[in-house]
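Computed from the coordinates by the stated procedures, all read-outs in this text should not be read as laboratory data. Worth saying up front: this structure is predicted, and the values here are computed from it rather than measured. So basically every Cβ, Gly included, is an ideal-geometry build from the backbone, and we count neighbours across all protein chains shown.
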Ligand code: BT5
């Protein structure tokens, strides 16, 4: 199945200016984040993409693991944004994924704060952003995106009930290369709108399925419960508790609860 994937297949005729002008395709890799970071340190051009056929030690946030066997998408994009642009990267990545899932498969996806893309309530994509910042300057930003294209979800007990794949949802085959090329194009379209992030923020907020829901958020060793009433332009979620308290959460895991 990796036969369809190569740097040439991804870049051929790709009409982007930055994103995906240079692609490193690696049939098998521990994590595209690590390769991307070392390429960034070596001075890779902005928009360089590192993509795996199969990722054997992929990671999520807080040292959690991310499954991306052959047939799925695991890629990292190297960026050198201004520090003011950092909060928008997660919005750009999430929006780009939602948009291209719809345009390529016809499926409606939504963003679950802070970094999940869901279809019919199940996780089809996760985004991981790792930055190095010195003073007020970003040395590099790596945007990692994992998409379940043809993941055999039932084979993985830990995500069997919470995850889904584009194949399972759409019944379509051979989506991988189309999804990758559309994603790079859409990511660039949104990225080039920076530093003016207002429109990106508004589109992101409009696609957040978390807003207006009863939520429980685990953030560090804190648990916050209430209604997710807003998401700020800096990416934080605002939770209104039953006792009237209002809490702003910048990072955490959300459980959506029935009202
Ligand atoms: C994420 O973390 O969702 C970010 C995932 C980022 C993966 C990309 S792939 C390319 C790049 N290279 C990497 O090494 N990583 C990035 P988090 O929100 O912490 O979610 C992790 C949790 O999602 C795990 O603890 C599992 O419960 C679940 N999970 C793992 N693999 C999954 C999958 N393929 N589909 C759905 N859920 C999964």
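Summary of values
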read-out	value
Distance between region 151-187 and region 29-84 - C-alpha centres, whole angstrom	18
Which of 130, 70 has the fewest Cβ neighbours within 10 Å, and the rest in rising order	70, 130
Estimated [θ] at 222 nm from DSSP helical runs (n ≥ 4, -39500 (n - 2.57)) normalised by residues in the chain, nearest 500	-7500 deg cm²/dmol
Principal-axis tilt of helix 32-41 within the chain, Cα atoms, nearest 10 degrees	80
Calculated SAXS-style log₁₀ I(q)/I(0) at q = 0.15, 0.18, 0.29 Å⁻¹ - region 214-257, Debye, Cα scatterers	-0.29, -0.42, -1.09
Footprinting exposure proxy for 210, 223, 30 (fewest neighbouring C-beta atoms within 10 Å first)	223, 30, 210
Within a Gaussian network of the chain (alpha carbon springs, distance under 10 Å), most fluctuating of 92, 224, 73	224
For region 2-206, projected area of the alpha-carbon convex hull averaged over all directions, nm²	10.8
